[in-house]
Amino acid sequence: MIYFSASMWLAATVMLAWGVRAVWRGVVSPRTLNIALSPGTLIAQLGMIVALLMTEQGAGPVSFLGEDDAEKDEKEEAARVPFLQAVLMGLLPLVTVGAAMALILVGPGAGLIEPVSADHVSLSPPQDLSAFWTQIRHLVTLTEETLNSLRVRDWGSWPTWMLTYLLVCLVMQLAPPARSSYGRFYAIGLVGVAGALIGTLVPGLPGLILAAWPRLVFVCGLLLLILTVSLFLRGGVAVVRDFLK
C-alpha cells in the first residue's frame, strides 16, 4: 500500500505543479515563465535530453525555453510518441528535478522541513466523505505550516532568497510539458508497480520511502502555498484589468 500511496501523492504533486503553471500561463507566456524558472527549466530539460538520447525515434528537438505557440503541436506530437519513449520522457525530467530538490532539502534546506508535519498527508487514501474533508483540512494546515517555515528564515541574507528561488523553480518544473504529459503519469504509475515488486525483494525499500516522505510532503505544501498565492494574484490582476477598462 505504501508504494501506491506514494505514487498517488506524487501524481497529486505533479498535478499541483501543473495547476500553478496553468494559472501563470494566463498572465505570462510559456517562454517568459521558463526564463523566470531558468534553473528548474535547465534541470528538467537535461532529463528530457537524456530520454531522447536513449530512445530517439523522431520526437524532434528539445526547446530549452519552449515556444509560445507550440503547445497544440506538442500535444499532437505526443500522441505519436512510442510508449517506452513517452515513459522515459516523463520519468527522467521528474528524476532530475527530484534529485536536485532532494539535494537541497537534505542539505541547506533541511531546516525548512522540521516545522512541517508529515502527518498532514495520509498514506491511506480517504475511504469515505468524512475522511476526504479531513484530508482537505489537513492540507490547509500543511499550507499554513509551510508558510510559517519560510517566514522564520533570515530574509535579510541572500542565501535565503537564493534557496527559496531555487526551490520554487524546481517544484514548478515538476509540471510536465505538453509533449510528455501522458508519459509523466504513465511513469508514476509504473514506478508504483515496480516499487511494490522490488519491495518484496529489498526489505529496506519501505524505510527509504518513509524517510523521503517528509520531503515529498513539504514539496506538496510548497506547491499548495504557491498555488494559493498565484490564484490571489491572478484574481487581483483580473479585477484591476476589468476596473481599468
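Worth pointing out:
- Exclusive hit being over 16 Å from Ala12 (Cα atoms) and in contact with a Phe, Trp or Tyr (Cβ under 7 Å, 6 or more places away or on another chain), set Ala196, Ala175, Ala131: Ala196
- Flag if Val191 is β-branched (Val, Ile, Thr), within 18 Å of Val87 (Cα to Cα) and in a helix (DSSP H, G or I): yes
- Positions within region 37-59 being over 27 Å from Ala212 (Cβ atoms) and without any contact (Cβ under 8 Å) to a residue 60 or more places away in the chain, in sequence order: Leu52, Leu53, Thr55, Glu56, Gln57, Gly58
- The set of residues from region 205-239 being modelled with pLDDT of 90 or more and aliphatic (A, V, I, L, M) comprises Leu216, Val217, Val219, Leu222, Leu223, Leu224, Leu225, Ile226, Leu227, Val229, Leu231.
- Residues that are in a helix (DSSP H, G or I), farther than 22 Å from Val217 by Cβ and of a type in the set (Val, Ile, Thr), drawn from region 24-53: Thr32, Ile35, Thr41, Ile49, Val50
- Residue in region 84-105 that is surrounded by the fewest Cβ atoms within 10 Å (Cβ to Cβ), counting only those that are of a type in the set (Gly, Ala, Ser) and over 17 Å from Met15 (Cα atoms): Ala99
- Applying the criterion of at least 3 residues that are touching a helix residue (DSSP H, G or I) at 6+ places or on another chain (Cβ under 6 Å) and within 23 Å of Val20 (Cβ to Cβ) to the helices (runs of 4 or more DSSP H) found wholly in region 96-184 leaves 129-151, 158-172.
- Flag if Leu92 is in contact (Cβ under 8 Å) with a residue 60 or more places away in the chain and within 20 Å of the chain's Cα centre (by Cα): no
- Any hit, region 40-54, residues being in contact with a Leu (Cβ under 7 Å, 6 or more places away or on another chain), at pLDDT below 75 and under 20 Å from Met172 (Cβ atoms): no
The values are calculated or read from the model by the stated rules, or taken from the named source; none is laboratory data. In this text, all values refer to a predicted model and were calculated from it rather than measured experimentally. Please note: Cβ atoms are built from the backbone with ideal geometry, for glycine as well, and neighbour counts cover all protein chains shown.
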